[in-house]
1. Would you mind telling me which numbered condition in (1) in a helix (DSSP H, G or I); (2) farther than 19 Å from Gln42 by Cα Gln112 fails?
2. Quick one: count up the residues across region 73-92 that are closer than 13 Å to Gln112 by Cα and in contact with a strand residue (DSSP E or B) (Cβ under 7 Å, 6 or more places away or on another chain).
3. Under 9 Å by Cβ, and 6 or more places apart or on different chains, what pairs join a residue from region 92-111 that is under 18 Å from Thr14 (Cβ atoms) with one that is polar (S, T, N, Q) and part of a loop (DSSP other than H, G, I, E, B)?
4. Need pairs with beta-carbon distance below 7 Å; first residue among the basic types (Lys, Arg) and within region 8-24, second not in a strand (DSSP E or B); sequence gap 6+ or separate chains.
5. Looking at His90, is it touching a His at 6+ places or on another chain (Cβ under 7 Å) and within 20 Å of Val47 (Cα to Cα)?
6. Would you confirm whether or not region 35-55 contains a residue that is surrounded by 14 or more Cβ atoms within 10 Å (Cβ to Cβ) and within 23 Å of Phe121 (Cβ to Cβ)?
7. For region 111-125: of the residues being surrounded by 11 or more Cβ atoms within 10 Å (Cβ to Cβ) and farther than 16 Å from Ser65 by Cβ, which is nearest to the chain's Cα centre (by Cα)?
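Quick note: the coordinates plus some simple rules give every number you see, no bench work behind them. Keep in mind that this is a model prediction, so the values were computed, not measured. Ideal geometry is used to build each Cβ from the backbone, glycine not excepted, and the neighbour counts take in all protein chains shown.
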Amino acid sequence: MDTPDSGILLFRNTMRINDGHLEGFRNATARAVEFVERHGPQLMVEVFIDEQRLLADSFQLYRDSDAVRAHWQMSAPYINDVMDHCRVEHFEVFGAPDDDVVRGVRNALGDQVSPTFSPRFTGFMRFNAPQPGK
């Protein structure tokens, strides 16, 4: 994938929580999110858990590939702690990361799963827009 970095990147990580690890996963994930909320470069992080199916989806929004690299450098211990309780089932990257981030994603996933990459077509964000009626 020899494409220039086009800016905004959205990662979706679908994880299978190991049997008996739901509480450990919840605790490790909460610590990781608290850390990146204070120190990380992400514009947004949201995690959703389907307890009955032991599946979790994490969405992370980054400004660019540099932000992804900064996250990896500072958050490795937290990522490892979360991964002690789950395995990746599916990993999607929306946007066009640089080649270094593409390699990093593939290396991090190893033979667990093959990530998918979908380049951005169009869109917008309203994170700081006033709420209707307020």
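1. It is condition (1) that Gln112 fails.
2. Initially, region 73-92 is screened for residues closer than 13 Å to Gln112 by Cα, giving 83, 86-91.
Subset that is in contact with a strand residue (DSSP E or B) (Cβ under 7 Å, 6 or more places away or on another chain): 86-91.
Looking only at that region, the number is 6.
3. As it stands, the answer is Gly95/Ser6; Arg106/Ser114, since those pairs meet every condition given.
4. Arg16/Leu54
5. Working: touching a His at 6+ places or on another chain (Cβ under 7 Å): no; within 20 Å of Val47 (Cα to Cα): yes.
The answer is no for His90.
6. The answer is yes, given that some residue of region 35-55 is surrounded by 14 or more Cβ atoms within 10 Å (Cβ to Cβ) and within 23 Å of Phe121 (Cβ to Cβ).
7. Narrowing region 111-125 to residues surrounded by 11 or more Cβ atoms within 10 Å (Cβ to Cβ): 112-113, 115-120.
Among the residues that remain, those that are also farther than 16 Å from Ser65 by Cβ are: 112-113, 116.
Working: Gln112: 16, Val113: 15, Thr116: 13 Å.
This residue is Thr116.
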